Amino acid sequence: MEFPGHFKHEHPPVRNLNDVYEEHRTRGDRTADRFAAVMGSWTFIIVQSALLFIWVLLNVTAWIMHWDPYPFILLNLALSFQAAYAAPIIMMSQNRQAAKDRLEAHQDFQVNQKAEEEVRVILEHLEAQSTALRELLERLDRIEGGAQA
């Protein structure tokens, strides 16, 4: 009796998306991502807040000299420059992250398709086994029925 059980199914290998992502990153991409990581940290917020506090304190109390008297126009200019350059760099990093998220979603879809195919093959294999077992039981019943007669 031939047992149906050789189901062939092949899928392309699942690649590590972190490796794929790193292969395509340029030096500018890595710099922008590091920049965004630093600017999005509590360390940056605390250091910048401390520097701003010192700037304002030194200019209000005139301990050294008034290089930027109230309303702190030089400080506003410096912060405007920082924002003008930080925002596009952070956006570049976010765009790359969005592209990586799309890759991950596509890979998840492919993995789900593979899993669905595997489940289908397993179910077909189980159905084939059930059919084979049913045929064996019918044969045994015929043999027992013939031996009793």
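What to note about this one:
- Residue match in segment 94-104 (condition: surrounded by 13 or more Cβ atoms within 10 Å (Cβ to Cβ) and out of contact with any helix residue (DSSP H, G or I) (no Cβ under 9 Å at 6 or more places or on another chain)): no
- Annotation note: Cβ proximity below 6 Å between a residue of segment 63-89 that is exposed (fewer than 10 other Cβ atoms within 10 Å of the Cβ) and a residue that is aliphatic (A, V, I, L, M) (sequence gap 6+ or interchain) occurs for ILE64/LEU58.
- Contact map, segment 103-124: residues that are part of a helix (DSSP H, G or I) and of a type in the set (Asp, Glu) paired with residues that are at pLDDT below 90 and surrounded by 11 or more Cβ atoms within 10 Å (Cβ to Cβ), Cβ distance under 9 Å, separation 6+ or inter-chain. Pairs shown: GLU104/LEU17; GLU117/HIS11; GLU118/HIS11; GLU124/PRO4; GLU124/PHE7.
- Summed over segment 19-37, the residues that are among the hydroxyl-bearing types (Ser, Thr, Tyr) and within 15 Å of the chain's Cα centre (by Cα) give a count of 1.
- Members of segment 23-69 that are within 23 Å of ILE89 (Cβ to Cβ) and assigned to a loop (DSSP other than H, G, I, E, B): HIS24, ARG25, THR26, GLY40, SER41
- Verdict on VAL14 being aliphatic (A, V, I, L, M) and either closer than 17 Å to ASN76 by Cα or loosely packed, with under 10 Cβ neighbours inside 10 Å (or both): no
- Residues of segment 41-86 satisfying the condition of being of a type in the set (Gly, Ala, Ser) and modelled with pLDDT under 90: ALA62
The values are calculated or read from the model by the stated rules, or taken from the named source; none is laboratory data. All of these numbers come straight from a predicted model, not from anything done at the bench. Here the Cβ is made from the backbone with ideal geometry for all residues, glycine too, and neighbour counts use every protein chain on show.
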